[in-house]
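The values are calculated or read from the model by the stated rules, or taken from the named source; none is laboratory data. The structure displayed is predicted, hence computed values, not measured ones. When we count neighbours, we look across all protein chains shown, and the Cβ atoms used for this are built from the backbone with ideal geometry, even at glycine. Surface areas here come from the heavy atoms of the whole protein model, side chains and all, with no ligands, DNA or RNA. Shrake-Rupley method; radii C 1.70, N 1.55, O 1.52, S 1.80 Å.
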Amino acid sequence: MKHETTITAGTEWLSASVIADGVASGSMSALDVTNHVLGRIAAVDGKLNAFTDVVAERARATARKIDATVASGGSAGPLAGVPFAVKNLFDVSGVSTRAGSKINRDLAPSSRDAALIERMEAAGAVLVGALNMGEYAYDFTGENAHDGPSRNPHDLTRMSGGSSGGSGSAVGGGLVPLALGSDTNGSIRVPSSFCGIFGLKPTYGRLSRARTFPFVASFDHLGPFARSTRDLALAYDVMQGSDADDPACADRPIEATIPSLARGIDGVRIAVAGGYFKENLTPEAMEAVARVAKALSVTTEVEILEAARARAAAFVITTSEAASLHLDRLRTRPQDFDPAVRDRLIAGAMVPSVFVDRAQKFRRWYREQVLELFKSVDVILAPATPCIAPKIGQATFVLDGVELPVRPNIGIHTQPISFIGLPVVAVPVPLDPMPVGVQVIAGPWREDVALRVAYALEQAGVVSAPRPMDI
């Protein structure tokens, strides 16, 4: 089959939707697209440090199969020829699952891909590699003591956000149109905010976590990053479905969101989160929320009661559950941890069980209170991060006149939401000098509503993924 589209400089900024349509029609070659992306990674990733592993031969072999399928008249799938990469806590066949650590590099190579990789490739996508992340996902910054920091594509001196920092950097920097990451306390939404891209944290239990390295099993979510709402929905739709290999994965019907995007948002009840979510914000973060609310003509404000306590309870459960997972490694190889991660895990091992029990009881109460709010609204808007991306290595910042440590406080507005597993689309607001994100929060299992609101904002030109100027 003749391929009419020449793969040239700038192709890396094509959307997943455009690539898939081009490959499926035969006007693009999946192999040409893959080779271009691999060349882009080789040329640019030295600046971004987004990738830890590149699986070039696997990617080319997959692309050749896709081109052969199209040439024979077959269907290559809704993501035909679309390159993607995954946070390196996803199992990739033939690659050791690092989870951002030094210790895991001693593991044998994985024998099978993570469930979501299998689903992406079944839809025609092409895996090109694994991405940098904070050690064992216990991170908001994108800094890694073993692999170095992944860097913000809009300013290489700034953080990409974590712990899915490589995912944010790779998509924001035009290395791949799609990436997968995980979000326990904010690790999809924070990199999306800092790197100026779209991210989806689905409802807890919506997408399979099978064959991924856990952080806090009762909080862990997996989800996609993209440079447009449509691409985000496209990836999300193909990954849905129950999975017996993940006991937390819900047995729910697949609910395609792409068709719903064009329905608009008439009748969708939207409010802005007040109280706690209006505190600890820089002017840029406040401006981002204000722009989004104005574009949606939102005048209603709701208060999520006890959000500060929810964040505290999330800290207790996170550190305790994570410590339990890593006890053997802490005993036998303490010197091989990032010291900052090791110390938090050791502290978690000493949290009294009665504190954890109280945090879990509060969690159940808090979820009930928040779900009551969704009887009167469909979507709540809130800041994704309190600020634009801090400088790499920056230890403190000032919020509301108080100097605070950066690392634990980046997720100040994300933790009270993932604590109870609500679906969120992080949307990027392009500001000067850096983009910053807003959370579009919906009720359980209503990813479609959050995506519709994000799409409406994108169509109105209020949110978008800006291209970096210097890479």
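Hey, what's the range 285-325 come to in accessible area per residue, 1.4 Å probe, Å²? Spell out each step's value before the answer.
Working: 1990 Å² over 41 residues.
Value for the range 285-325: 49 Å² per residue.
Run the numbers for Lys47 and Val402: contour at 0.36 nm per residue of separation, minus the present Cα-Cα distance, in nm. Intermediate values should be presented prior to the final figure.
Values: separation 355, 0.36 × 355 = 127.80 nm, distance 3.34 nm.
Taking Lys47 through Val402 to full extension adds about 124.5 nm, to one decimal.
Keeping all protein chains in position, work out how much accessible area Tyr136 exposes to a 1.4 Å probe, and write it in Å² to the nearest 10.
Approximately 10 Å² for this residue.
Would you rank Ile66, Ile392 by solvent-accessible area, highest first, keeping every protein chain in place and using a 1.4 Å probe?
From most accessible down to least: Ile392, Ile66.
Between the range 257-289 and the range 62-91, how far is it from one alpha carbon centroid to the other, in angstrom?
Centre-to-centre (Cα) distance: 34 Å.
With a 1.4 Å probe and every protein chain left in place, work out the accessible area per residue of the range 336-437 in Å², rounded to a whole number.
Solvent-accessible surface per residue comes out at 39 Å².
Accessible surface of Leu261 in the full protein assembly, 1.4 angstrom probe, to the nearest 10 Å²?
Rounded to the nearest 10, that gives 10 Å².
Let me check I've understood the local charge: for Ile417, count other residues with C-beta under 9 angstrom from its C-beta, Lys and Arg +1, Asp and Glu -1. What total comes out? It would help to have the intermediate numbers written out before the result.
Values: positive: Arg189, Lys201; negative: none.
Residues near Ile417 contribute +2 overall.
What is the diffusion coefficient of the chain in µm²/s, taking the Kirkwood radius over Cα pairs and the Stokes-Einstein relation at 25 °C with a viscosity of 0.890 mPa s?
Reported coefficient: 112 µm²/s.
Calculated from DSSP H runs of 4 or more alone, at -39500 (n - 2.57) each and per residue, what is the 222 nm mean residue ellipticity of the chain, nearest 500?
Calculated from helices alone, the mean residue ellipticity at 222 nm is -11500 deg cm²/dmol.
For the range 35-129, just the Cα set please: Rg and Dmax, both in angstrom.
14.1, 47
Summing +1 for each Lys or Arg and -1 for each Asp or Glu, what net charge is found among the other residues whose Cβ lies under 14 Å from the Cβ of Val377? Each step should come with its number before you reach the end.
Values: positive: Arg269, Lys375, Arg446; negative: Glu301, Glu303, Glu372, Asp378.
Computed value for this residue: -1.
Distance check, please: which entries in Lys102/Lys391; Lys87/Lys201; Lys47/Lys102 exceed 20 angstrom between their Cα atoms?
Listed pairs above 20 Å: Lys102/Lys391; Lys47/Lys102.
Return, ordered by residue number, the residues of the range 145-176 whose backbone nitrogen is under 14 Å from a label point located 7 Å along Cα→Cβ of Ala340.
Under 14 Å, as judged by backbone N against the label point of Ala340, lie 145-151, 158-165 of the range 145-176.
Compute the signed sum of charges (Lys and Arg +1, Asp and Glu -1) over the other residues within less than 13 Å, Cβ to Cβ, of Val341.
0
Where Rh is the Kirkwood radius over the Cα pairs of the range 388-464, the temperature 25 °C and the viscosity 0.890 mPa s, what D in µm²/s does Stokes-Einstein return?
172
Using 7 Å Cα-to-Cβ label points, what is the Ala248/Gln394 separation (nm, one decimal)?
Between Ala248 and Gln394, the simple spin-label model gives 3.1 nm.
If I stretch the segment between Val54 and Ala295 completely, what's the gain in nm (0.36 nm per residue apart, minus their alpha carbon distance), one decimal?
Value of the extension gain: 82.7 nm.
Whenever you get a sec, compute what percent of the accessible area on the range 102-147 sits on carbon and sulfur atoms (1.4 Å probe).
Numbers: 680 of 1400 Å².
About 49 percent, which is the carbon plus sulfur part of the accessible surface.
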